[in-house]
Every structure is written in structure tokens, then in C-alpha cells.
Amino acid sequence: MKTSKQPAPRRSKESGGVQSLETGMRVLSAFMELDPLPMLKEIAEKAGMPPAKAHRYLASFCRAGYVERDSATNRYRLGNLALRLGLSAMNGMDIVQVARPLMAGARDDLGHAVLLAIWGSRGPTVVQVEQPRSAISVTTRIGLVLPLLSSSTGRVFAAWLPRADTHALLAQELASAARNRPPGVPVNVKQAEALFAEVRKQGIGRVMGQLNPGVSALSAPVFDHSGQIVAVISTLGPAGSVDTGWNGTLAKKLRAQARAISEVLGYR
């Protein structure tokens, strides 16, 4: 008795991958651009295929646990396995690795030095620096720990981090500020909290010579998929060349750069 052989899955000519799987992934990807609980025809249209074909893929994904169908409305949603897969990918992301290839483009877009900082054991810590292509550069280095009150980077971290994370460093800096009275720097908790509230309202932090005389800077928060701040991207340069307006062109571009990195990390 002859046995019939099952046809092998069709493979993509370009990459050697399985073509039917690539087609199926278009169906899953459609969920990212549609409202919650889309209908079959909406998924099919976004995936670029007839509804009958999309239905076959959806049925398979439902059996595998990657998609769920609401029996009352006949609408679809991503299933538990798809959500677990997405969270696993997010948790495995390293902010420095994600941001590194984007930083040079941010520098060129902003036209000034750009740095990326994360929250380290001693506070805001610079982990990447991109100097401008012009002859004018600003002295900063990887590993530099920035203050909370007098740096735009620190102000952004203090504005969005839980106060439990920043309390000790903030108390230390406020005590020093109360003694030395540096211009433009809060000297008590009330002033500091008012400053941080303004930073949250504007979506960016800024300094105009508070850290280094003659140097101005703007900073914006980078968020992960859970909405937690994980980094701060900053741009800085000589005071006369940096537009520090809350709604200036530079501020708008910086917000866009921070948002682009956040979206790669899954923030919506």
C-alpha cells in the first residue's frame, strides 16, 4: 500500500523562510494597527487578503492560543500566549542596545550633542554620548553621574521616578542648595516639587547654566512598555545656540526622539 507524502510548506524565495508562516504573521500584525476586538473583515483588509483566507489563519491561531474569538460578537482579540510572548520580548530588551543605533540620528536631527542616561546606583548616569558634527562640542563623558536639581537629565528622572528612589539623593542636594543658594536651583522640598511638576506638565526638563555656566540643555523621558521611565535622552550645547523654549522646535524634536525610542520599547 502506497503512502501519500504531505507537501512541504512553501518557502519564501528571498530568505528561505516558510511563506505560509510569513503570511500568517501578517494576520497577527494586523492587530497592532486596529482597535481592540476587530472584526474579521477589518483584520483581512489590514492583512491584505480575502476574509476567507484570513479566517483560516485566525482559526489556527485560536487553536494555538495566540488569538481568541468572542462568541457573542464574533470579534477577535490577541490571546494569552501572544501577550506572554510580547511581554517576554519587552523584558529582554536592553535600553542601551535599543537606543544606541538611534542616538546618532537623534544628534543629526537635533543639531547638538546628545546623551543617554539611565538611573544607576548613584543617580542619573550617562551611558552614551554623541558629539555634534560641528567643531563646537560639549565636555561630557560616559559614566558621569548628574545631579537631580541642576541638570535637565536629573530633573526629568526626579519628575517621573517614585520619590522613594530619589529621596536620599534629593535630600542631600537640597541641603547643599540651602547652604550655597545657587541661582535657579530649588532650596527646599516645596520648590523642588513645583519644579518637577512643571517638568511633567511640559514633558521635558531644561537648564540654562545651572549645571555648567554657558551651557543649556533639554531632556526628555524614555518609557518602557509598562509606562515606567527607564532612561532620559538629553541635548545640550552653548547657551546661545540652544533653543530652550518649552514649545520651540528643539523641544518638539526632542520629545519626538524620546517617543520613538519609547515606542521601540513597547510604550504606547
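Highest-first packing order for the peptide set 258-265, 55-62 is 258-265, 55-62, based on the mean count of other beta carbon atoms within 10 Å.
Here the simple spin-label model places points 7 Å from the Cα toward Cβ, and for Arg63 and Thr244 these points are separated by 6.4 nm. Note on Glu198/Met32: beta-carbon distance plugged into 1/(1 + (r/R0)^6) with R0 of 41 Å gives a FRET efficiency of 0.75. Phi angles across the range 63-78 convert, under the Karplus curve 6.51 cos²θ - 1.76 cosθ + 1.60 with θ = phi - 60°, into 3J(HN,Hα) values of 5, 7, x, 8, 9, 10, 10, 7, 5, 6, 10, 6, 9, 10, 8, 5 Hz, Gly and Pro given as x.
Around the amide H of Phe223, modelled in the peptide plane, lie the amide H atoms of Val230, Ser262, all under 5 Å away and 5 or more residues distant in sequence or on another chain. Taking every DSSP helix (H) stretch of at least 4 residues in the chain, weighting each as -39,500 (n - 2.57) and dividing the sum by the residue count yields a mean residue ellipticity at 222 nm of -14000 deg cm²/dmol.
Each value in this text was obtained by applying a stated rule to the coordinates, not by laboratory testing. Everything quoted here is computed from the prediction, not taken from an experiment. In this analysis, Cβ positions are derived from the backbone assuming ideal geometry, glycine residues included, and neighbour counts consider all displayed protein chains.
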